[in-house]
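The values are calculated or read from the model by the stated rules, or taken from the named source; none is laboratory data. Remember, predicted model here, so these are calculated numbers, not experimental data. We place every Cβ from the backbone using ideal geometry, glycine too, and count neighbours over all the protein chains shown. All accessible areas refer to the heavy atoms of the entire protein, side chains included, with ligands and DNA or RNA removed. Shrake-Rupley method; radii C 1.70, N 1.55, O 1.52, S 1.80 Å.
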Amino acid sequence: MQDFYPSRGEKEEIINRIDKTVYSSISEGEYSLDNISRKEYEEKGFIVFPNLFTQEETKEMLKELEYMASNTQLAKNEEFIQEPDSNKIRTIFNQHLFSTLFDKISKEPRVLDKVKQLLGSDVYIHHSRINIKPAYKGKSFPWHSDFETWHCEDGLPRCRCLTAWIMLTDNTEFNGPLYVIPKSHKKYVSCKGKTPQDNYKKSLKKQEYGVPSVNAIKEFTKDSQLVGVYGKAGTLVIHDGNTMHGSPDNISPYSRTNAFFVYNSIENKPVKPFAAKTSRADFLCLKDFTPLKND
């Protein structure tokens, strides 16, 4: 299969994206995007929906997370990732497979209607995760495009994928929020470096490959600027798979916790990885392609 987004080579390059960002202008349900919101997403590569979930709903999700994080049997699964310098939980992958509540949230019409409209097809979950940044100790995530990794190491052919995520706690400028570069999704950074064997075992704790240089980030910010994505618990954010983003350390006394669901079009199923000898672990690239239906 032709590789439209080569990466992990001898030099870094910035190339034009060839895929659309929005695949359908037709409303797919009651909670679909209106024309203004759709055009905002298409132009910026992300969109924020304050207070989409109630405080009661986010408290219920946090309670479910606390149960999973404190369950010693569950914590033995490889989906549970610790901080690089402590035994604190950094990420729980595929919360929707461990929890009926998060499974229900993944099919919630307030989210799924928008996702199906943007991707213009039925969708499935490539993977999901909850990222936890403990107060004062939560570590940073470097600038990166998710799609670069999903393409190189999981084999997603095209950028017909996105992430919808829910703030389970307030995201402020102090507690390690997500930073994004508007319009960055329109370009693709072909990163330098050869993917090591089983790279995911290190990258989930500290990402080193698929990370653009400072010169690439400077190039992206010539016509844009860095934006912090802040909001109250219950805020929904959707960002394109190729939107450049990262986050700083959490040096505040307040934890920052977000639940992410990665949706991929059923017309964009993974093939052989484009820049790795073998695929990442199954929990990072789920093979259940059953189309999601509103719950």
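Yes or no, residue by residue, for (1) in contact with a helix residue (DSSP H, G or I) (Cβ under 6 Å, 6 or more places away or on another chain); (2) among the acidic types (D, E); (3) at pLDDT 90 or above:
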{"position": "S27", "(1), (2), (3)": "no, no, no"}
{"position": "E40", "(1), (2), (3)": "no, yes, yes"}
{"position": "F49", "(1), (2), (3)": "no, no, yes"}
{"position": "K59", "(1), (2), (3)": "no, no, yes"}
{"position": "L65", "(1), (2), (3)": "no, no, yes"}
{"position": "L74", "(1), (2), (3)": "yes, no, no"}
{"position": "E78", "(1), (2), (3)": "no, yes, no"}
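State whether the residues of region 196-205 include one that is open to solvent by 10 Å² or more (accessible area, probe 1.4 Å) and at pLDDT 95 or above. No; the residues of region 196-205 include none that is open to solvent by 10 Å² or more (accessible area, probe 1.4 Å) and at pLDDT 95 or above. Each residue in region 251-264 was checked for being in contact with a Phe, Trp or Tyr (Cβ under 7 Å, 6 or more places away or on another chain) and either outside any strand (DSSP E or B) or without any contact (Cβ under 8 Å) to a residue 40 or more places away in the chain (or both), and 3 of them qualify. Between V189, V271, V214, which is modelled with pLDDT of 95 or more and touching a helix residue (DSSP H, G or I) at 6+ places or on another chain (Cβ under 9 Å)? So the residue among V189, V271, V214 that is modelled with pLDDT of 95 or more and touching a helix residue (DSSP H, G or I) at 6+ places or on another chain (Cβ under 9 Å) is V189. Note on region 102-120: residues that are exposed (fewer than 15 other Cβ atoms within 10 Å of the Cβ) and within 26 Å of S140 (Cα to Cα) amount to 0.
If you check Y254, Y263, Y230 for being touching a Leu at 6+ places or on another chain (Cβ under 7 Å) and aromatic (F, W, Y), only one passes: Y263. Residues in region 227-244 that are open to solvent by 10 Å² or more (accessible area, probe 1.4 Å) and either under 17 Å from L65 (Cβ atoms) or not in a loop (DSSP other than H, G, I, E, B) (or both): V227, G228, G231.
For the condition surrounded by 19 or more Cβ atoms within 10 Å (Cβ to Cβ), touching a Ser or Thr at 6+ places or on another chain (Cβ under 9 Å) and part of a loop (DSSP other than H, G, I, E, B), what is the one hit in S7, S24?
On the way: S24 fails: surrounded by 19 or more Cβ atoms within 10 Å (Cβ to Cβ).
Just one listed residue meets the conditions, S7.
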